[in-house]
Amino acid sequence: AQKSVLSENFSDNRLPKGWTMASQYWKFQNDEAVFGALIENGVDTLFTPFVSLAELDNQPTVTITYRNIANVEKINTLKVLYRSTQEAAWTELKVYDAATEGYVTDALPLPKDLENVQVAFAGAYLGGAATALDFVSVANHKEAVLPTGLRYEDLKPTSLTLWFDPCASTKFVQYNMKINSEPMTDMSLMGDVLNIENEDYTDEFYELSG
């Protein structure tokens, strides 16, 4: 079962208890934390409180749902960092500098030997239209669940069409697709990613080629 030591959906539309900001550019509205530094190169960092990872029985993971909407070709950046103590240096987990068309969910593994963690979200305004966090959690890694009804059509040397029935019990489900002509023993490399964000999905069509 998944255990969470931090979960925030910003539904109170105010700075969550225990969270802090470096400046005042993050705004809390419409159930989001919105980065609002509307001056060129404006920056601000949003910090979670320190949380203990002692209750997590496997891989600790930071999961975020975010959006980063472009303004023509201008895109803001959102950097995710962590540290284990107040005195420790910040370590970068990931930088989001590509535009999204809507919300995207991503899972970022933390080192397994951490006892405590604080996570930071550093926004930088580069002329983008909108950058926002919709959900943040620190939890143990979700166990993989195989899709049901997996079947294929139009099998060719360089392509095939996959059909499967995605899980409809949660709002955000991520499938990592990996295809190889030889049996795979190393699942550490990310495959093509499909995000299902609609609880009403009963069937999904996804085409891979290459």
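The values are calculated or read from the model by the stated rules, or taken from the named source; none is laboratory data. As the structure is a computational prediction, the values presented were derived from the model and not from experiment. Ideal geometry is used to build each Cβ from the backbone, glycine not excepted, and the neighbour counts take in all protein chains shown. We work out accessible area using only protein heavy atoms, side chains counted, and drop any ligands, DNA or RNA first. Shrake-Rupley method; radii C 1.70, N 1.55, O 1.52, S 1.80 Å.
Miscellaneous remarks
- Residues in the stretch 10-58 that are in a loop (DSSP other than H, G, I, E, B), polar (S, T, N, Q), open to solvent by less than 80 Å² (accessible area, probe 1.4 Å) and on the phi < 0 side of the Ramachandran plot: 4 in all.
- Of the residues making up the stretch 113-166, those that are at pLDDT 90 or above and β-branched (Val, Ile, Thr) are Val117, Val119, Thr131, Val136, Val138.
- Only strands (runs of 3 or more DSSP E) whose full extent lies in the stretch 59-104 are considered here, and the ones with at least 2 residues that are open to solvent by less than 40 Å² (accessible area, probe 1.4 Å) are 60-69, 77-83.
- Residue check for Ala124: open to solvent by less than 30 Å² (accessible area, probe 1.4 Å), over 20 Å from Asn13 (Cα atoms), of a type outside the set (Ser, Thr, Tyr) and in contact with a strand residue (DSSP E or B) (Cβ under 6 Å, 6 or more places away or on another chain): yes
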